[in-house]
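Scroll down for the structure; my scribbles are underneath it.
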Amino acid sequence: MGPLKKIVIVAFGIFSLLSLLVVNFFVIQILDGDKWSEVAEKQHFFSVKEPFLRGSFWSNTGIRKNHPDKPQRFVLEIQKFHLYVDPLSIPAKHHDEISDYIKDNIPLNSNEVLNIRDQFDKKSRSRRLVMWLDPEIKDSLAVWWSEYARKNKIPRNALYFVPEYKRSYPFGKLLGQVLHTVQEQRDEATKEAYPTGGLELYFNSFLKGKQGKRILKRSPRHFFETGRILTHPEDGADVYLTINHYLQAIVEEELEIAVHKSNAKGAWAVMMEPNTGEILALAQYPFFFPSDYTSYFNDPEKVEYTRLKAITDANEPGSVFKPITAMVALLANEELIARGQPPLFDPEKKMPCSDSSFPGRRKPLTDVNFHKYLNMNMAIQRSSNIYVARLMQKVIERLGKEWYRDVLEQTFGFGLRTHIELPSESPGVLPRPGKYHPNGAPEWSVPTPFSLAIGHNIQVNSIQLAVVYSMLANGGKRVEPTLIRKIVKKDSEGGLKYLIDNTRLERSAKFRQAVPSSIIKRVVEAIRFTTKPGGSAPRADIVGYTEAGKTGTAHKIVNGSYSQTRYLASFIGFTPVKNPAFVLLVSIDEPEKKYIPGVGRNYFGSIAAAPVFKAISTRALEYLGVDPDDPYSYPDQNSKTHENRGEWIPEIKKLQALYEEWNIR
């Protein structure tokens, strides 16, 4: 073979090799470029989630006219950090030393201590070591790791931190059952929180945000906190509540005092603005501390404290229902007159109350004291069972049971949910003619109307009662209860978008007139006597102010039967009478059944609940800056000041004289 031929062969071989390299380069760089770029990027870059802020809850701090408080959150988002490791970037000889340092310098529980060392042996680019580190601990660990990684030529972001926000509660247990909280464990993909209940659950779709994305580079000289944001996070919306934190604190403090004083199982209260339906306070004792939620849900006895009983529990209301019975009777009067028939009764005239027998009842109804004759004012003042039951007997005889039930449901909303913005609201139980219980017994029988008249054989939740008493306070309009003033979200440019706005006047304007104002005025006149001398609740009389309300003492139903030892003691009313600042319901759950010498039965609404109404109202009116409208009222039930100048004193004396004329002389 000649030299020229050899040169050609060698040249062709070199050309072929170069061509093969070019082809391979084309395949790698062009045809499979995306594939190998992704592989290279995974070797040198990794991404972490950029956290978002979950929406907060804000107090109604503008409630005091001319004296607004500064904005106040019920919930804060505090930045914490999760510690992660990239095990494949750290040589095995360093695993023990690094994990030991972490265990010795970070407060850990026993499970976390055992878990940390195992994570270093995983064939993974990202393993979580510790959650929810405080910034101070994170900074201290970062300083140590930066020097250790540099000295041992380890990529500085082989250990790295992922920021995340954690719920914090500046007021501790305040509003705990209403707010609830979110679990520490988050959804791994979206980092969204799992709510435990309450407003956190109901408004989760508004509160939750959307996580962003940050890309980091693996490099011995690349610090683990730097990186480029690929997708900005989207924060959740803020919820502005109708509840005021000062009023909430007042109610919670007084409930705790009342429970200890009456040796009760618990208590709850609802404070509502009667013209708008806004809930100003919604409290319950024993308290629920959201930050310590695991101890409640892991304890069969304490888990009950997480349930908001004003919403979830429906109970027999007892005598607080009697003013509602009076409204039904007056509505029956108007219905009969409209039909061209004589009215059912005259609220001013006396009605015989010595006969306590009623059709279908095995036992006669009784009153605490015997009365020969009563009119409506006397009956409400002295909480007569017989009078109101006799009224409903007349209603059934003239208008029928269906008419009666329809009024309770359609006019007052019993048996229907109020749609307050909280999960698990009970609609209560309103018997229906022709419907049967699972055991075959009819829901509605002959004596049912007499039981309903006195607040038995019906179950209602506390918001339903507050709505009806708001009708008495506002002139007869049926309000829609709400906990929300507005829900606001910031857009990408920092502007505000109103997702819900209940502050507009159109909302209140649509409330319908459910009961004529003339009927409301007449019933309010009756319930004003409750807190005055001769009434069932003088301990609810607020010094310097007018008030109207009613007591209730109901046997609790235990295992399908009325308990003779467990009671629900209540008082509901409003103040001042002519321009009410709020409606307030106080319920004391299972006060001790005992007699207190010189006071009375501890479990009665007049003893257990009425003084709490007075205590809360006195402090709330002072905070709100409501001027006294009855400066000459009785300071307490045992003494009198300016006896003849106090609001309502002439009416009280006149009613007392008439009662004595009918029953004593």
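In region 408-510, which GluC sites (Glu not before Pro) fall in coil by DSSP and have 14 or fewer other Cβ atoms within 10 Å?
Answer in residue order: GLU493.
Just want the ordering: PHE81, PHE414, from fewest to most Cβ atoms lying within 10 Å of their own Cβ.
Listing PHE81, PHE414 from fewest to most nearby Cβ atoms yields PHE81, PHE414.
Going through the cross-link list LYS65/LYS521; LYS208/LYS489; LYS261/LYS593; LYS349/LYS654, which pairs have a Cα-Cα distance over 18 Å in this structure?
LYS65/LYS521, as the Cα separations exceed 18 Å there.
If you take the charge dipole of the chain about its Cα centre, with +1 on Lys and Arg Cβ and -1 on Asp and Glu Cβ, which of PRO87, VAL75, GLN459 is farthest toward its positive end?
Positive-end residue among those listed: PRO87.
Among 516-523, 376-383, how do they line up by average Cβ neighbours within 10 Å per residue, starting with the highest?
376-383, 516-523
When the chain is fully extended, how far beyond the present Cα-Cα distance does ASN275 get from LEU53, taking 0.36 nm per residue of separation?
Taking 0.36 nm per residue and subtracting the Cα distance, the gain is 76.5 nm.
Please tell me which of these pairs span more than 21 angstrom C-alpha to C-alpha: LYS350/LYS556; LYS372/LYS401; LYS578/LYS614; LYS173/LYS302?
LYS350/LYS556; LYS372/LYS401
Arrange THR618, THR325, THR231, THR482 by Cβ neighbour counts within 10 Å, fewest through most, would you?
Sorted ascending by nearby Cβ count, the order is THR231, THR618, THR482, THR325.
Want the number for VAL558 to THR312: 0.36 nm per residue separation, take away the alpha-carbon distance, what's left?
The span from VAL558 to THR312 would gain 86.9 nm if fully extended.
In the structure displayed, which of LYS394/LYS510; LYS166/LYS486; LYS122/LYS213 lie more than 31 Å apart, Cα to Cα?
LYS394/LYS510
Once the Cα atoms of helix 245-262 and of the chain are each reduced to a long axis, what angle between those two axes, in degrees from 0 to 90 to the nearest 10, is obtained?
Once rounded, one gets 60 degrees.
Work out the FRET efficiency for TYR148 and SER168 from their Cβ-Cβ distance, taking R0 = 35 Å, and round it to the nearest 0.05.
The value I calculate is 0.65.
What length, rounded to one decimal in nm, is gained on full extension from SER124 through to LYS490, with 0.36 nm per residue of separation minus their alpha-carbon distance?
128.0 nm
Alpha carbon centre of region 303-370 versus region 497-573: separation in Å?
With region 303-370 and region 497-573 each reduced to a Cα centre, they are spaced 14 Å.
Among (1) 17, 47, 30, 6, 1; (2) 16, 39, 23, 14, 6, 2, 1, 0; (3) 17, 42, 29, 11, 1, 0, find the value of P(r) over Cα pairs in 20 Å bins from 0, in percent that was calculated from the structure presented, and write down its label.
Checked against the structure: label (2).
Going by alpha carbons, how many degrees (0 to 90, nearest 10) lie between the helix axis of 3-26 and the longest principal axis of the chain?
10 degrees
Between VAL368 and ASP96, with labels modelled 7 Å along Cα→Cβ, what's the label distance in nm to one decimal, could you check?
Spacing of the two 7 Å Cα→Cβ label points: 7.9 nm.
Could you line up ILE572, ILE90 from fewest to most neighbouring Cβ atoms inside 10 Å?
Neighbour counts put them in this order, fewest first: ILE90, ILE572.
How tilted is helix 110-119 with respect to the longest principal axis of the chain? Cα atoms for both, answer in degrees (0 to 90, nearest 10).
30 degrees
Take peptides 113-122, 583-592 and line them up by average Cβ neighbours within 10 Å, highest first, as a rough protection proxy.
583-592, 113-122
Using the basic label-point model (7 angstrom from Cα toward the beta carbon), what is the LYS213 to TYR498 distance in nanometres?
3.7 nm
Read the figures in this text as sums done on the coordinates, not as results from a lab. Every value quoted in this text rests on a predicted model; they were computed, and no experiment measured them. Positions of Cβ are backbone-derived with ideal geometry, glycine not excepted, and every protein chain shown enters the neighbour counts.
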